[in-house]
Amino acid sequence: MDPVTLGMAKADARKRARDQRAPGNIGQRIFGGRMGTYDGSTATTFQVTCELQQHFDAIQLIFANHNAAYSLNAVQCKAAALPSAADLNGNSAAWVPVTKMGMNRMMLTTPLSGDRIAYTVSDMIPLASVPRSDAGTNPIVVIRAYMTNNSTISVVGNGTDSFTNWATRTDGRLWAMRAQTGDQVTTPTTWTSTTNISQSPIVGVRYLARGKVVNVMAVGDSISDGRGTYLGEGFGGLVADRLSEDDIAVEYSNCGWAGQSTTSFANRAMDILQSDVKPDVLMFPSNSPNNETNFTAAGIVSAAAHRSRVLAECARVGTVPVLWTLIPCSPAVHDWGATDALRVADNAAVLALRQRGVLVADTATALSGPVVGGQVGLPAEYAPDGIHPGDLGSAMMADLLEPLVARGAGL
């Protein structure tokens, strides 16, 4: 068989394997990837109350740490299922202990460096969801973690981003974070706070679902993070919500980190793919506007090398990658001038990966405006701030990514 025919046969085999992929029954939701710090010099109990896409019979808590200098202890954790969003604290609910390797104290893993994230997942704890008694349909779980002996705690949220609007969502994506000094885990009824905050060491939940679930994740920079829309959602959340159906749910993990370069988010993608939180489908950009002031040949080569690393690791661990081409930017934000031709050429090289069976969304072409001074523009109606897709731009990206994610997930 000649090399061309052999390559086509291999691509067909990969496509058949993807198309036959069956959704599993382990769901996963990670709220956000951008990390920050929290003053933990006073022993504090953190609480997260969230909705999941499927009813469940057991759960795992997901913690994250982004600094190798931090050694974190979740001294004690408990969780409970809630019937209503009317009371997000659930003091009177039936709380169950959450352990790690059978022990109440969880030592959280440290990452290799500060631009990476180490995830720690608890034991799978029997906890059954309960029917909703309010107007909602998605099951609710409330989680508490009592943390001591830490002057600095690694948390989701950098301290300036506001996520409190997630606490009032009524579309099935509720995520409410709260904190209170002292131990409100040993005796849950001692909790009194009703103040929603924007930081927590509890970053996600895995669960044993009663139905089929596909786990979709996005890594990348602020565009993946959803900076131009409902913060923490972006196009990835739209894709997941559009693909979710009664018989198969699609959970979304947002692991975008604003301000990070291709090197950084490729490293974090590698960490994720080698961890307990690896998704079924991983969306990631081919490059980032954060790499260089102007595009250079060396920078393009470096970005290509990093995405090749991620593609190879996806193949090794069985995660389906979905790439999207780097969208243009307004010269008022990044004046790339004639060097933008290197971005355009690199996007063409990324699109050529389709010939090898890689799923690639041509988001760049869809969001491209007139060329001025050698640079492709980004129309303001797509990205009001000149770089981050707004509601219209995110919807356009979701239109292109949705069928590829569905194909990769076997939906």
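The values are calculated or read from the model by the stated rules, or taken from the named source; none is laboratory data. Fair warning: this is a prediction, and the values are worked out from it, not measured in the lab. All Cβ positions, even for glycine, are placed from backbone atoms using ideal geometry, and neighbour counts span all protein chains on display. Only protein heavy atoms, including side chains, enter the accessible area calculation; ligands, DNA and RNA are left aside. Shrake-Rupley method; radii C 1.70, N 1.55, O 1.52, S 1.80 Å.
The set of residues in region 363-382 being more than 24 Å from the chain's Cα centre (by Cα) and outside any strand (DSSP E or B) consists of Thr365, Ser368, Gly369, Pro370, Gly373, Gly374, Gly377, Leu378, Pro379, Ala380, Glu381. Taken over region 1-59, the residue count meeting the criterion of being of a type in the set (Asp, Glu) and modelled with pLDDT under 90 is 4. Within region 132-163, the residues that satisfy the criterion of being open to solvent by less than 30 Å² (accessible area, probe 1.4 Å), touching a Phe, Trp or Tyr at 6+ places or on another chain (Cβ under 9 Å) and outside any strand (DSSP E or B) are Pro139, Asn150, Gly157, Phe163. Kindly check whether there is at least one residue in region 207-225 that is closer than 18 Å to Thr49 by Cα, touching a strand residue (DSSP E or B) at 6+ places or on another chain (Cβ under 7 Å), of a type in the set (Phe, Trp, Tyr) and assigned to a helix (DSSP H, G or I). Taking every residue of region 207-225 in turn, none turns out to be closer than 18 Å to Thr49 by Cα, touching a strand residue (DSSP E or B) at 6+ places or on another chain (Cβ under 7 Å), of a type in the set (Phe, Trp, Tyr) and assigned to a helix (DSSP H, G or I). Is it true that some residue in region 208-218 is open to solvent by 50 Å² or more (accessible area, probe 1.4 Å) and of a type in the set (A, V, I, L, M, F, W, C)? Yes, region 208-218 contains a residue that is open to solvent by 50 Å² or more (accessible area, probe 1.4 Å) and of a type in the set (A, V, I, L, M, F, W, C). Of the strands (runs of 3 or more DSSP E) lying entirely inside region 72-125, those carrying at least 2 residues that are hydroxyl-bearing (Ser, Thr, Tyr) and surrounded by 15 or more Cβ atoms within 10 Å (Cβ to Cβ) are 118-121. Number of residues in region 164-174 that are buried (at least 20 other Cβ atoms within 10 Å of the Cβ) and among the β-branched types (Val, Ile, Thr) equals 0. When residues in region 91-110 are screened for being in contact with a Phe, Trp or Tyr (Cβ under 9 Å, 6 or more places away or on another chain) and not hydrophobic (A, V, I, L, M, F, W, C), 3 of them pass. When region 160-182 is filtered for residues that are acidic (Asp, Glu) and under 18 Å from the mean Cα position of the chain (by Cα), only Asp161 remains.
When Thr293 is tested against (1) modelled with pLDDT of 95 or more; (2) over 20 Å from the mean Cα position of the chain (by Cα), exactly one condition is not met: (1). Within region 363-405, being under 21 Å from Gly237 (Cβ atoms), touching a strand residue (DSSP E or B) at 6+ places or on another chain (Cβ under 8 Å) and open to solvent by 20 Å² or more (accessible area, probe 1.4 Å) holds for Leu400, Leu404.
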